[in-house]
Amino acid sequence: MSSATSFTDNEAIITYASRLMDENRLYFVAIGGPPLLAVLLAKQLHAPSIAYVVEDGTIAPEMRLPAPAFMIGAGLASSRAVAWTDMNTVDFHASRGYIDDGVLAAVQVDAYGNFNSTFAGGTYDRPERRFGGPGGATEIASLCWRTMLMTRLQRRKFVEKLDFVSSPGYIDGTPGARERAGLPAGTGPYRVITERAMFGFDEETHRMKLLAVAPWSSIDDVLSDMEFRPVVPDDVVPLEPPTERELDVLRTQVDPSGRTIAGDWIVLDGAAQAAKAAPVAGAS
Amino acid sequence: MSSATSFTDNEAIITYASRLMDENRLYFVAIGGPPLLAVLLAKQLHAPSIAYVVEDGTIAPEMRLPAPAFMIGAGLASSRAVAWTDMNTVDFHASRGYIDDGVLAAVQVDAYGNFNSTFAGGTYDRPERRFGGPGGATEIASLCWRTMLMTRLQRRKFVEKLDFVSSPGYIDGTPGARERAGLPAGTGPYRVITERAMFGFDEETHRMKLLAVAPWSSIDDVLSDMEFRPVVPDDVVPLEPPTERELDVLRTQVDPSGRTIAGDWIVLDGAAQAAKAAPVAGAS
Amino acid sequence: MTTRSIPVLDQGAGEFRPPDPDAARRWARDKDRRLVDKRMTEQAAVERFVADGSYVSYDTNVWRRGPSSLMREIIRQHKRDLWLAAKFSAHDATLLTAGGCVSKIDVGWMEVGRIITDAVREGRVKMFEWTNGALAYRHLAGALGVPFLPLRYVGGTDVFHNSGAQLIEDPYTGQPVCLVPAVNPDVALIHVNQCDIYGNARVFGPGLAPVETAMASRHVILSTEEIIDTDEIRKHPAQTTIPYYVVDAVVHAPFGCYPGSVPGLYRADLEHLMEFGAAQLQGTMDAYLEKWVYGVASHTEMMEKRVGLAKMQQLQADETHTEGYYT
Amino acid sequence: MTTRSIPVLDQGAGEFRPPDPDAARRWARDKDRRLVDKRMTEQAAVERFVADGSYVSYDTNVWRRGPSSLMREIIRQHKRDLWLAAKFSAHDATLLTAGGCVSKIDVGWMEVGRIITDAVREGRVKMFEWTNGALAYRHLAGALGVPFLPLRYVGGTDVFHNSGAQLIEDPYTGQPVCLVPAVNPDVALIHVNQCDIYGNARVFGPGLAPVETAMASRHVILSTEEIIDTDEIRKHPAQTTIPYYVVDAVVHAPFGCYPGSVPGLYRADLEHLMEFGAAQLQGTMDAYLEKWVYGVASHTEMMEKRVGLAKMQQLQADETHTEGYYT
C-alpha cells in the first residue's frame, strides 16, 4: 500500500484508530463523529463483519455507504441493524460486559487517561470555553472493557491536570482506583490516538506510554506538545501514515461530506516521509 | 333483576367482586382465575370499557367472549390489547401509581388483610399443604392503590395468625405500618369478598370490618366461620344474591368451561331467599 | 431493629430534583383511566401542562424525532425558569435559552455555542453535569417508581462531585457502587410516529428514552406525525410503546420535528440548521425567533408560511430509507 | 472518607445466589462477538451448557411459550442438583423434580402437587420464597449488571424474612425501601418464535421476562419454532428482542413448547396436561417419564411417535387467534 503525502490530522487519527479494530470485538460509539467513522472505515477495509453498537440503541447496523452528511438525522445510519433498542438498553449491554471497546473523542486528556468534555479555563460556573458535556463517554469509558481515545496532539489537550474530569481513565493510576470508584473490574483506557503519536498505558503504573510516532515527527516533537511526560520505552515504533487506499475510502465512502475529516493539513515531503509536516490550513 | 336461587360459592364471589368494578379505575389481575373472571363479568354487564392489566404484560385487552377454557395458553386472552409488554413493565406501572385496584385470590387471610398463598400447617420446610406461592399477589397487593381479595368464608381461611404472610395487608394495623415496611404510602386492602359476606377495613384500626351479609346467612353465621372477630358496625347491609342475568353471562360467556366457577352449590329456598343455603356438592 | 449499616463512601454536592416516588404516585392516581379524547392544540397543551419553573424533559432532540413544535410553543408562551433534562440534546437547550425560558440544565450532552456559554457565565443559567446515560437512567428510576438506582459508572469523575450521586458500599458484594436519584419531570415532551386519540403511541426506530421519559413524568404531552385508529393499535399491540393512561395531551403535528428529522419519514433541513447556527454566531437570534416563533401563531402556520410545501416534499423525498420504519 | 451511613432496618435470612456482577461480566467477555452459526441439537446444547448444580432460569413455562423440549432433554440427561428460578412456573418444576434434577427452587408461583410437596417434606428439595415480580426484577438487576435493585414491595411479609432482601433507609428520601439481590443464572432456557442461526431472536406477544432472563444469564440456549434469514432480521430491527451476542445455542424445535402453547401458533394439548395430572395423582410419573422422555431419543422423535401429525395439526387449527403475532 502506498503512503499518502497529504491528509488532515483528523484523517490520520481516524485511519490509525480503524487499524486497531477487528471482527472479534464489539465496539461502542456515539451517534456521529470520528469514532463512528473509524469503525466504518475498518468495516470497509479489513473487517467487513465488524459489529458496533451506537449510543441511540442501534445494534450492529450495516449502513450502506457513502454515508449521509448529517448522520444523526438520517434513517440510513441505523439501517440493516440486527436490533433497534434504546440508550439504557445498550448501556446495560455494556454494563453486563458484552461491549469490548469504547471509541471516544476527547478534548483534554491527562496522564492516566482521564478526560474532559465539559469546559476549559475558568471554573465550572464561569467557564472560558464550555463544551457539550460528557455525553455518553462516561458510561462508555466506564463500562466497556477497553477505551480508545481519539484526539489531536496539542499541549493544551495533554495536560497535567484536567479542568474537569468528565470521564474516567485510571483515575489516579493506583491499583484498584477504578474499582474503588465503583467501576467494573478489569476495565480502562487502552489507546490514545493522535495524528502524530499513538499511546498505550503502562501496565504497572497505568501512566500513558508512547507506543508509536509518525515518521514526520519524533519523540522530542511529541513530548514538546504534552504538558505531562508519558512513559517512553525503548521500542517506540513508527506510525505508518495513512495509505492512499485508506484515504480514498474515507473521503469517498465514509465521510463524503467532508464534515468530520476536515482539519489541519499534513503535507509530507514527497522524497522523505520523515520530513516535518507543515500545517497549511487552520481548522482548530 | 331477578335473584337466582342456585349458584356456586365461586359464582357468588365472582359476581360480588364484579359489582365493585367500574370504568374509572384500572385493574390488575393474574393470568387466570376468579379475579380475571370478575373483571370480564363487569365488562360484559355494566362496565363495557373497563380496562385491566394482566401480570403477563397485557394492557387493556378486549377479549372476545366466550372465553377459552385454558386461558393462559390461548392467544385470545391477550387479544385486542392496547399494548403487549412484560411482567416487569406492568409492575412498574403499578409502582408508579397507575393501577388502581389489584384483584386477588387468597387461601388464608388475617384481620388486617395480610394473606397467605404459600403453605398451611407444619412449617415452611415441612409443610402439611404447600400452595403455589405468592405469585404476583405480593407486588399487586403492595403497589396498587387498593386490594380486593376473593376467598371463601371458612374458619381455616379467616385466621388469627397466618401460617405464612405471603402478601401484605395492613401488616399489624398500626398507622404507617406499610410505609415502615417500604411499601408506597396510601395503599392497602379495600374489600374481602366471600360467598356470604363482604368486608372492608376500619379506617382507624385497619381491622377487617363486616359490611354486608347474604340474605341466607347472618352476622352470627359469618362470625362463627372466622377465627378472629372483625369489626361489626350497626349498619351491616344485605348482600344481594347473584341475579339470573349475572349467572347467565358468567356461565355462558365468561367461564363456559366451568373450570373456575365450579364450587360448592348454594341452593336457596325459593320462597324466602333468607333461608339457610345447603351446600350440595363438594369441591373444596 | 437496625442490624447494621451501609457506609456512604462519598457523595456529590450538586443540586438535583429530590426524588419523591410517593408524590409521583399521587400524580398518577389522579389521571383519568378511561379512554378519553386527548387531542388538543400545541397552544392548549403547553398552556395546561407547562408551568413556569417546570422540570421539562424532551426526547430525543431538535435534530432527530424531537418535539420541536412544542418547544417553539413554550418560547411563544414565554414560559420561564424551566429546568431542562438535556439527556442527549442538540440545539434545543440553546433555543429555549435564547427564548429566555431556562434557568437550570441537567447536562448529558448538548450543542453549546455562545448563547449557552454567555448565559452560564452571566449566571442566568446554571448547569448540573450528568451524562447522557445517567440522565436516561435517572428517568428509568423515575419510571420504575423507585427513589434511586445503582449503576457502575459516574464514580471517579468530577461529574460525580457536581451531581446528586452517592458512592456506597454495596450491601451484597461489599464493593463500591454508585447510586443516582430518580427524576420525575413535571412535563415530558415526546414526539411519536403514530398514536390514537387516547395517547396509545408508537415510536419507530432506535432511540433515547421515550418510554422511560413518559413513564417517569407527571404530565405527558405527545406530538404525533399521525393519528391512527384505536382499532389499528389493538391489531398490533406489540408496537405500542406508551399506553394511553400516562398521556395527558395528544397534539397532531405533522412535521412536528422540523427542522429536525423523523427517520423513515423526512430528513432534517440542513439549510435551517445553518440559519440557526449563523443566527447564534452573528448575534441575530432575536430575528431568528421572530421569524420562526413569535411571528407565527402556530406550528401549522410556520410550516405553511415559512417552510412551504415544496420544501416539505423535498425533505420527505430526501429520506430514502424507510425499511424497518414504515415498511 | 465515609461521610455517613445508611441504616439497614431489617434483612431476610434466606439462602440466595450471591450476586457477582464482575463475574457475570467475565462470562460475557469470553463469548464470541462474531456472527457464528450456533445451531445445534437440544442434546448438544444441554450437554454443553447445563451442568449439575447449575442455576437454571426458563421463560415462560410449560403451559405457554416455555422451553419444554429443553426441559425434557435435561431430564433425559439426568442433570442433578439444579437450582430453578420458578418465576412464573407451571408444572415445569414438578416435571424436573420428578426427573430427580432439582434440589433448590426460588419460588414465584408454580403448580404444586404431591411430587413437589413430598420432595420438600422429605428434604430433597429446598424452596426459597420470592414472588413472580421479585424474581423477574432480580433477573432485571442481573441484566443491568448491577448487584441489586430497590423496589417498593416484599417488605411486610414472611417472603422478606425467607429471602435475601434487605430493608434500608433510602439515602434520598429517608424512607424505608427494599433491596433485592441480582440473579445471574448459569443457564437461560428460552423458547422464541423466530431467530436466525446466530441467535438474533424475536419473541411475540406479552410475556414474562425473556429479555431480562437472556441478558442476565451466563449461557443462553434458545429453542425456536422457526429459523429465519438474517436478512429478514435486518429488515425489521425493531422486532429483535435478544441480540446474537448473548446467545450460545440455537435449537430448532418446532412445537418445542408441547404440551404447552405458543400463542398465535398452536394451543396447549389439554389431553396431555390431564395425562400429566393423572400421573402425578396416581403415582405413575415413572411411566409418564418413560413414555414422554426416556423412551424417545429426542424432541423430534417424541413429536413423531407420541404426538403425531394429526394432533399437531389439530393444535394449530385450535389456535384461531393470530392477530398481532403473525398478522
Output ³J(HN,Hα) for the stretch D:74-79: one whole-Hz value per residue in order, computed from phi by the Karplus curve 6.51 cos²θ - 1.76 cosθ + 1.60 with θ = phi - 60°, and x for Gly and Pro.
-> 4, 5, 4, 8, 6, 5
Show that you can apply the helix-only estimate: for chain D, add -39,500 (n - 2.57) for every DSSP H stretch of four or more residues, divide by all residues, and state [θ] at 222 nm to the nearest 500.
-> -8500 deg cm²/dmol
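Tell me, what does the Kirkwood hydrodynamic radius of the stretch C:43-127 come to in angstroms if you use every pair of distinct C-alpha atoms? Working shown, then result.
Working: mean 1/r = 0.0801 Å⁻¹.
Its Kirkwood hydrodynamic radius stands at 12.5 Å.
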Treating only Lys and Arg (+1) and Asp and Glu (-1) as charged, each at its beta carbon, one finds that chain D has a dipole about its Cα centre, in Debye to the nearest 20, of 520
On a 0 to 90 degree scale, rounded to 10, what angle separates helix C:309-318 from the longest Cα axis of chain C?
-> 60
Report the charge-dipole magnitude of the protein assembly as shown in Debye, nearest 20, computed about the Cα centre from +1 at each Lys and Arg Cβ and -1 at each Asp and Glu Cβ.
-> 220
Where labels lie 7 Å past Cα in the beta-carbon direction, separation of B:T123 and D:D81 in nm = 2.5
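Please identify every one of the chymotrypsin sites (Phe, Trp or Tyr not before Pro) in the stretch D:70-157 that sits in a loop by DSSP and has no more than 12 other beta carbons within 10 Å of its own beta carbon.
Working: sites: D:W83, D:F88, D:W109, D:F128, D:W130, D:Y137, D:F148, D:Y153; in loops: D:F88, D:W109, D:W130, D:Y153.
Within the stretch D:70-157, no chymotrypsin sites (Phe, Trp or Tyr not before Pro) qualify (loop, at most 12 other Cβ atoms within 10 Å).
Can you give the extra length, in nm with one decimal, that the chain gains between C:R34 and C:Q282 once fully stretched, where that is 0.36 nm per residue apart less the Cα-Cα distance? Don't skip to the end; give the middle numbers.
On the way: separation 248, 0.36 × 248 = 89.28 nm, distance 5.08 nm.
Residue separation times 0.36 nm, minus the Cα-Cα distance, leaves 84.2 nm.
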What nm distances, shortest first, do you get from the label point of B:H46 to those in the other copies when the point sits 7 angstrom along Cα to Cβ?
-> 7.6
Using a 7 Å Cα-to-Cβ projection, C:D118 label spacings across copies, nm, ascending | 8.4
Percent RCO, i.e. relative contact order, over chain C, from Cα pairs under 8 Å lying at least 6 residues apart = 21
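Can you compute the helix-only [θ] at 222 nm over chain B? Use -39500 (n - 2.57) per DSSP H run of at least 4 residues, normalise by all residues, nearest 500 deg cm²/dmol. Intermediate results must be reported in sequence, preceding the final value.
On the way: 7 runs with 55 residues, N = 284.
One gets -5000 deg cm²/dmol as the mean residue ellipticity at 222 nm.
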Compactness of the stretch A:118-161, expressed as Rg and Dmax over alpha-carbon positions, Å | 12.6, 35
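Just flag the trypsin sites (Lys or Arg not before Pro) in the stretch A:117-190 sitting in loop per DSSP whose Cβ has no more than 13 other Cβ atoms within 10 Å.
Details: sites: A:R129, A:R130, A:R146, A:R152, A:R155, A:R156, A:K157, A:K161, A:R178, A:R180; in loops: A:R152, A:R155, A:R156, A:K157, A:K161.
When the trypsin sites (Lys or Arg not before Pro) of the stretch A:117-190 are filtered for loop state and at most 13 Cβ neighbours within 10 Å, A:R155, A:R156, A:K161 remain.
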Using a simple spin-label model with points 7 Å from Cα along the Cα→Cβ vector, what separation in nm is obtained for D:M274 and B:D234?
-> 5.7
Among beta bridges that DSSP assigns inside the protein assembly as shown, antiparallel share in %, nearest 5 = 45
Going residue by residue through the stretch C:194-206, the Karplus relation 6.51 cos²θ - 1.76 cosθ + 1.60 with θ = phi - 60° gives ³J(HN,Hα) values, rounded to whole Hz and with x marking Gly or Pro, of 8, 7, 8, 5, 8, x, 5, 10, 10, 10, 9, x, x
If the viscosity is 1.002 mPa s and the temperature 20 °C, what translational diffusion coefficient in µm²/s does Stokes-Einstein give for the stretch C:8-318 when Rh comes from Kirkwood over Cα pairs?
-> 108
Over the Cα atoms of the protein assembly as shown, Rg to Rh with Kirkwood Rh, two decimal places?
-> 0.99
Can you list the HN-Hα couplings for the stretch C:132-148, worked out from phi with the Karplus curve (6.51, -1.76, 1.60; θ = phi - 60°), rounded to whole Hz and with x for Gly and Pro?
-> 3, x, 5, 6, 4, 6, 5, 5, 4, 4, x, 6, 7, x, 10, x, 7
For the stretch D:150-227, taking Cα atoms only, what is the radius of gyration to one decimal and the Dmax to the nearest whole Å?
-> 17.4, 51
Do me a favour and compute the ellipsoid semi-axes for chain B from its Cα gyration tensor, root of five times each eigenvalue, largest one first, whole Å.
-> 26, 25, 18
What is the set of long-range amide H partners of C:Y55 at a cut-off below 5 Å, with H atoms built 1.01 Å from backbone N?
-> C:W83, C:D186, C:V187
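Output the antiparallel fraction of DSSP beta bridges having both residues in the stretch B:6-274, as a percent to the nearest 5.
So the antiparallel bridges in the stretch B:6-274 amount to around 50 percent.
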Under 5 Å, built H, 5+ apart or other chain: amide partners of A:R80 | A:E62
Loop GluC sites (Glu not before Pro), the stretch B:19-66 (other Cβ atoms within 10 Å of the site Cβ: 16 or fewer; DSSP) | B:E23, B:E62
For A:E23, inter-copy label distances in nm, listed shortest first [label point 7 Å out on the Cα-Cβ vector] = 6.0
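How would D:T131, A:T194, B:T5, C:T284 line up from fewest to most surrounding beta-carbon atoms within 10 angstrom?
Ascending Cβ contact count within 10 Å gives the list C:T284, B:T5, A:T194, D:T131.
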Listed by chain and number, the residues whose amide H is under 5 Å from that of D:V102, excluding neighbours fewer than 5 places away on the same chain and using placed H, are D:D81, D:L82
Residues in the stretch D:286-323 that a label on D:T41 would reach, taking backbone N under 20 Å of a point 7 Å out along Cα→Cβ = D:290-308
What percent do you get for the relative contact order of the stretch C:194-285 when only Cα pairs under 8 Å and 6+ apart count?
-> 31
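Since every read-out is calculated from the coordinates, none of them should be taken as a lab result. Everything quoted here is computed from the prediction, not taken from an experiment. Methodologically, a virtual Cβ is constructed for each residue, glycine included, from the backbone with ideal geometry; neighbour enumeration extends over all protein chains shown.
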